[in-house]
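To keep things clear, I will list the structure first and then write my remarks on it.
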Amino acid sequence: MRIKLHFLILAFLAVSVTGCAVFQPKKSKATASSKPKPKPKKGEIKPYKKVITKEAKTDEGLFTVHKIDDSYFYEIPDSLFGREMLMVTRIAKTATGLGFGGGKQNTSVLRWEVKDKKVLLRVVSHQIYAADSLPISEAVKNSNFEPVLYAFDIKAYHKDTVSDTRNTVIDASELFKKDVKPLGLPQFRRRGYKVTRLDEKRSYIDTIRSYPRNIETRHVKTYNASEPPSNGATGSLSVMMSNSMILLPETPMKRRYFDQRVGWFARGQTDYGQDAQKSKTITYLDRWRLEVKDEDIEKYNRGELVEPKKQIVYYIDRATPKKWVPYIKQGIEDWQVAFEAAGFKNAIIAKDPPTPEEDPDWSPEDVRYSVVRYLASPIPNANGPHVSDPRSGEILESDINWYHNVMTLLRNWFFVQTAAINPDAQGVEFKDEVMGRLIRFVSSHEVGHTLGLPHNMGSSVAYPVDKLRDPEFTKKYGTAPSIMDYARFNYVAQPGDGDVALMPNIGIYDKYAIKWGYKPILDKSAEDEKKTLDNWILEHAGDPMYRFGRQQFGVIDPSSQTEDLGDDAVKASTYGIANLKRIVPNLIKWTAEDGKNYDDLETMYNQVLSQYNRYMGHVTGNIGGVYEYYKTYDQDGAVYTHVSADKQKEALEFLQKELFETPEWLIDENIFDKVESAGSVERIRRFQTRTLNNLLDFGRVGRMLENEALNGADAYTTIDMMEDLRDGLFSELRSSRKIDIYRRNLQRAYVERLETLMTKEQTRLSGAFARFSSRTNIDVSQSDIRAIVRSELKDLKRTLQSNTGRMRDKISRIHLIDLIERIDLILDPK
């Protein structure tokens, strides 16, 4: 009985439990639905369709980019993890006073990596290096640990059934929404405008577009700033940043090593693997990958021209006015003759882009296309930046920025430099064929930059000044051996000289430089080809046609100046001033138009003043000047040579005659009464004072002192220069002649400049400014400068005192008394 009862109890319980599940389903379901859903764990990897939903707008390219609401997801193929990519940061649109659109701000090499459930974006440095095969390579890696720029959670994986690969999905939005400094405003600008932080509420992603080899991002950054460059009342500044992430080639191009005797944009790397007893910096060129096709190697070796495996192609922006397109194209293809010197034909060509109907996906943002970008901007300029592989120097793409108002700049230059001899420039509106030729000139110059060539300011000095007045010579050689000089237009030629050339073309130096940088040296390593490259330089050593002179920011070498022509600044400037004297009386006639105001008259008169000021600068550079001619140990002669004493004295005499003696020809009442109520006196004062201060620059005086120490009696000494300058500035005292207002202003400026030399220290540059400056630094307080200036002030005081009583003109006498009191305050400030 007990056994039977036990089974009955078990059977009842079984029925009851089963009945609970079967006969009360509603109650059970209600209980289940009332339970809260478990929250997803942080960093949980979800199914792909849960992350990339149907609402996503997808753009396929280097990465597949998905936009969902205001978030952007990257889908990264496994094959691209570990590959190096170049991130180029530019300002796309800027606040007033903050750079210009297109200006590069930063470049970084990046590498995407997977670490557990994270994707890391690392910053890669190529500044130090050693080959992996060398033992020291491990030490280099240990001292060059790659920082993590950003870390992303992996959101999902996506299996690509076509390629049988797996893609990793991340939300990349915060990379551009947050203040990731290498991708935003550079630190030096933040310091300058006193930026405190990014305002994320006023910052956003504008667009992210993916192309086969690059991803282009535009994002607006708003920063709180106490000293913004404009709109100060807002306490902030907003800029649109552009970030181009470009896949670098899997196999870097063979380098070509840099030599300072040939001008080239280059980059450096410290190579610890060199067989040297120190770390050695290796510098190599930025250049396009131009290679000989395998089937053409025999032709190339026979000296025949061959087409490269891949041409350099420039597309002309669709926005470019149609009438200017042929001239821009000509400027690009003008370089073909230079590449022929390197062994290539049709190496560089210009093309129209496809129409939207022909290729709706074509975009100038695609790194596969280099484009001359036409920008509707008031900036009177054009520039030719390029993007290069930091590992090899290979130029990957280049977009020339062509601002609409560059035509205004060209008009002004062409007018003021050639109107005296050129009827085509005697007006403010040029014929289309004239402006077209000027556009072609600028196009060629900017393309030269994109090929790797910097400015060659030492080129134009190759030509004797009088040869620039020779039609036969200038037709053959242009105005300089290089279009990369700032040898704008022929201001030397005089009326009656005939049909002289007015501007440079692709010249002898340009062909030589392109050959040196691009001609393939087959079957030799970068190291082994250096001997051949050196021989190419030595073939032309000492020939000024093949000379490279660097651009200076603060002139030390007077033979390597911007905007100058010929081998003699005094003679060239004398010719130039003669032409300006012909232009000034014609300014009203050449700018006249019924119903128009006098704005153009004022503009062109100011252009005359600017050109005149350039001549003063060209000549001043000779005083205290030092020539710089790059050489190596296998060449004779010095690299640095002081300008001769005779040339320096001639330069000072020119300044006395053409500037410090009042330039009456610039004072034209017919012009002044149409453009201003007052200002002519102040204008002359500014021009004279600018040159005077430049002449009495700390660095210039310091170089003159050093010249005397090194060369003794052969030098033009500081004391001699000071005495010659004083004799000219105070020449009225020799005959007690009336001192006019212009000269009184100049004499006061001279005493004030002596006070600066006596009491101030030289402002020293730092950072980027110091790297690009040619300034000569000097410790003023421990040099001879103040002793010489004190002596000069005392001598001047004695001269003034002895002449004050003889001066009959009252205002002149008051002026001399005032100068004496000013000198007393300098010598004895107590």
### Message
Residue under question is Pro544, and the condition is that it be touching a residue at least 60 places away in the same chain (Cβ under 8 Å) and farther than 30 Å from Glu298 by Cα; does it hold?
### Response
yes
### Query
Is one or more of the residues making up segment 546-554 in contact with a Lys or Arg (Cβ under 7 Å, 6 or more places away or on another chain), surrounded by 15 or more Cβ atoms within 10 Å (Cβ to Cβ) and at pLDDT 95 or above?
yes
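Conditions tested, residue by residue: (1) buried (at least 20 other Cβ atoms within 10 Å of the Cβ); (2) more than 22 Å from Tyr518 (Cβ to Cβ).
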position	(1), (2)
Pro360	no, yes
Val367	yes, no
Val372	yes, no
Ser377	no, yes
Asn381	no, yes
Glu394	yes, no
Ser398	yes, no
Asn401	yes, yes
Leu410	yes, yes
### Message
Would you confirm, using the coordinates I've provided, whether Glu792 is crowded, with 18+ Cβ neighbours inside 10 Å, acidic (Asp, Glu) and out of contact with any Leu (no Cβ under 8 Å at 6 or more places or on another chain)?
### Response
no
### Message
Contact list please: Cβ distance under 6 Å, first residue in segment 672-701 and closer than 28 Å to Thr759 by Cα and free of Cβ contacts under 8 Å to residues at least 60 places away in the same chain, second residue surrounded by fewer than 20 Cβ atoms within 10 Å (Cβ to Cβ) and not polar (S, T, N, Q), pairs at least six apart or on different chains.
### Response
none
### Task
Could you please find all residues in segment 230-256 being within 13 Å of Leu185 (Cα to Cα) and of a type outside the set (Gly, Ala, Ser)?
Leu237, Val239, Met240, Met241, Asn243
#### Entry: Members of segment 560-580 found to be polar (S, T, N, Q) and touching a Pro at 6+ places or on another chain (Cβ under 9 Å), listed by number
Asn579
### Task
Please find, within segment 155-174, the residue that is nearest to the chain's Cα centre (by Cα) out of those that are of a type in the set (A, V, I, L, M, F, W, C) and within 15 Å of His66 (Cβ to Cβ).
Ala172
### Task
Tell me, yes or no, whether segment 777-792 has at least one residue that is closer than 22 Å to Leu757 by Cα, assigned to a loop (DSSP other than H, G, I, E, B), touching a helix residue (DSSP H, G or I) at 6+ places or on another chain (Cβ under 7 Å) and among the β-branched types (Val, Ile, Thr).
yes
### Query
Taking Thr450, is it of a type in the set (S, T, N, Q), buried (at least 23 other Cβ atoms within 10 Å of the Cβ) and assigned to a loop (DSSP other than H, G, I, E, B)?
no
### Query
Does segment 652-666 include one or more residues that are of a type in the set (Ser, Thr, Tyr), surrounded by 15 or more Cβ atoms within 10 Å (Cβ to Cβ) and closer than 25 Å to Leu710 by Cβ?
no
### Task
Look at segment 482-518 and say how many of its residues are touching a residue at least 24 places away in the same chain (Cβ under 8 Å), farther than 24 Å from Gln635 by Cα and part of a loop (DSSP other than H, G, I, E, B).
24
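Before we move on, is Arg166 loosely packed, with under 15 Cβ neighbours inside 10 Å, among the charged types (D, E, K, R) and within 24 Å of Arg83 (Cβ to Cβ)? Give the derivation first.
Working: loosely packed, with under 15 Cβ neighbours inside 10 Å: yes; among the charged types (D, E, K, R): yes; within 24 Å of Arg83 (Cβ to Cβ): yes.
Here the answer is yes, as Arg166 does meet what is asked.
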### Message
For segment 203-254, give me each residue that is among the charged types (D, E, K, R) and within 23 Å of the chain's Cα centre (by Cα).
### Response
Glu216, Arg218
### Summary
Given the conditions (1) touching a helix residue (DSSP H, G or I) at 6+ places or on another chain (Cβ under 9 Å); (2) among the charged types (D, E, K, R); (3) modelled with pLDDT under 95, every one holds for Arg808 apart from (1)
### Query
Right, Thr603: among the polar types (S, T, N, Q), in contact with a Gly (Cβ under 9 Å, 6 or more places away or on another chain), surrounded by 15 or more Cβ atoms within 10 Å (Cβ to Cβ) and farther than 30 Å from Leu705 by Cβ or not?
no
#### Entry: Unmet criterion (only one of (1) out of contact with any Ser or Thr (no Cβ under 6 Å at 6 or more places or on another chain); (2) assigned to a helix (DSSP H, G or I)) for Arg737
(2)
### Query
Can we say Asn606 is more than 31 Å from the chain's Cα centre (by Cα), farther than 30 Å from Leu305 by Cα and among the polar types (S, T, N, Q)?
no
### Message
So, in segment 667-692, exactly how many residues are surrounded by 15 or more Cβ atoms within 10 Å (Cβ to Cβ), in a helix (DSSP H, G or I) and not charged (D, E, K, R)?
### Response
10
### Message
Suppose we keep only residues that are exposed (fewer than 15 other Cβ atoms within 10 Å of the Cβ) and assigned to a helix (DSSP H, G or I) within segment 757-772. Which one would you say is modelled with the highest pLDDT?
### Response
Thr759
### Task
Go over the candidates Glu340, Glu307, Glu298 one by one and state the one that is modelled with pLDDT of 95 or more, of a type outside the set (Lys, Arg) and buried (at least 16 other Cβ atoms within 10 Å of the Cβ).
Glu340
### Query
Between residues in segment 84-96 that are farther than 15 Å from Ser203 by Cβ and residues that are modelled with pLDDT of 80 or more and part of a loop (DSSP other than H, G, I, E, B), which pairs lie under 6 Å by C-beta distance while being six or more apart or on different chains?
Glu84/Leu248; Leu86/Leu248; Thr96/Ser230
### Message
Where the second residue is modelled with pLDDT of 90 or more and not in a loop (DSSP other than H, G, I, E, B) and the first is farther than 17 Å from Pro321 by Cα and of a type in the set (Ser, Thr, Tyr) and lies in segment 402-418, which pairs have Cβ atoms under 9 Å and are six or more apart or on separate chains?
### Response
Thr418/Asp424; Thr418/Ala425; Thr418/Asn579
### Message
Show the residue pairs meeting these rules: Cβ distance below 8 Å; 6+ apart or different chains; first residue within segment 637-657 and within 18 Å of Arg614 (Cα to Cα); second residue of a type in the set (Ser, Thr, Tyr).
### Response
Gln648/Tyr716; Ala651/Thr620; Phe654/Ser573; Phe654/Thr574; Leu655/Thr620; Leu655/Thr691
#### Entry: Checklist (1) touching a Leu at 6+ places or on another chain (Cβ under 9 Å); (2) surrounded by 15 or more Cβ atoms within 10 Å (Cβ to Cβ) applied to Lys345, failing item
(2)
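The values are calculated or read from the model by the stated rules, or taken from the named source; none is laboratory data. In this text the structure is predicted, and so the values were computed from the model without any measurement. In this analysis, Cβ positions are derived from the backbone assuming ideal geometry, glycine residues included, and neighbour counts consider all displayed protein chains.
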